[in-house]
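Structure first, then comments.
The values are calculated or read from the model by the stated rules, or taken from the named source; none is laboratory data. Since we're looking at a predicted model, the values are computed, not measured. No Cβ is skipped: glycine too gets one built from the backbone with ideal geometry, and neighbour counts run over all protein chains shown. Calculation scope for accessible area: heavy atoms of the full protein, side chains included, ligands and nucleic acids excluded. Shrake-Rupley method; radii C 1.70, N 1.55, O 1.52, S 1.80 Å.
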Amino acid sequence: MDKPQRGYWCECWTEDLAKETTPVLRASFDAYSAPQADRWVAVALRTISPALDPDASQRAWDWLYDGRITTRRALLRAEPSTVTLTQARTRLTWTIRPVIFLPLAHRHGAELPSCAHDFRPHTEPRTHQQTN
């Protein structure tokens with residue numbers, strides 16, 4: 001990628017509703033199309049739905065059948081989308097936001113610091129005795 005590229009930044013957050021703590025980022029994903037972004041959420045919901053209580057599972061499947069269409073339309077209009085479920089005392093939230101991915105500078109031809117050459121990968125696992 002040598003030019004900025006449109007895409008979607010996807011995140012999954014959890015929040016313990018019994019404690020007043022901040023939400024915790026559990027996963028993130030960079031998608032390069034609206035179908036790829038909503039598919040990431042769909043795979044997660046299908047994967048966890050058997051473990052959810054009946055109400056949360058029903059909400060997951062409602063999104064998979066109807067909400068996913070609404071999400072896809074919003075993404076195609078470059079609007080963010082959020083899917084939220086509550087299981088017992090945990091709130092799970094998936095967010096998808098339109099973004100522009102910027103290319104990263106290549107390191108080819110760049111001089112690395114001298115310490116970069118001091119580290120070599122291990123060819124075999126080290127045992128406790130080898131580290132002492």
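Results, tabulated for the structure shown:
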quantity: Selected residue (criterion: least open to solvent (accessible area, probe 1.4 Å)) from residues of the stretch 8-54 that are farther than 16 Å from Leu75 by Cβ and of a type in the set (Ser, Thr, Tyr); calculated: Ser49
quantity: Residue match in the stretch 71-88 (condition: of a type in the set (Ser, Thr, Tyr), crowded, with 18+ Cβ neighbours inside 10 Å and in contact with an Asp or Glu (Cβ under 6 Å, 6 or more places away or on another chain)); calculated: yes
quantity: Pair list, Cβ < 7 Å and 6+ apart or interchain, from the stretch 1-25 residues that are within 15 Å of Leu85 (Cβ to Cβ) to residues that are part of a loop (DSSP other than H, G, I, E, B); calculated: Trp13/Pro23; Thr14/Pro23; Glu15/Pro23; Asp16/Arg89; Leu17/Arg89
quantity: Answer from Thr14, Thr71, Thr47 - the residue that is β-branched (Val, Ile, Thr), in a helix (DSSP H, G or I) and touching a Ser or Thr at 6+ places or on another chain (Cβ under 7 Å); calculated: Thr71
quantity: Cβ-Cβ under 8 Å pairs, at least 6 apart or on other chains, the stretch 46-63 side polar (S, T, N, Q), far side buried (at least 17 other Cβ atoms within 10 Å of the Cβ); calculated: Ser49/Ser57; Ser49/Ala60
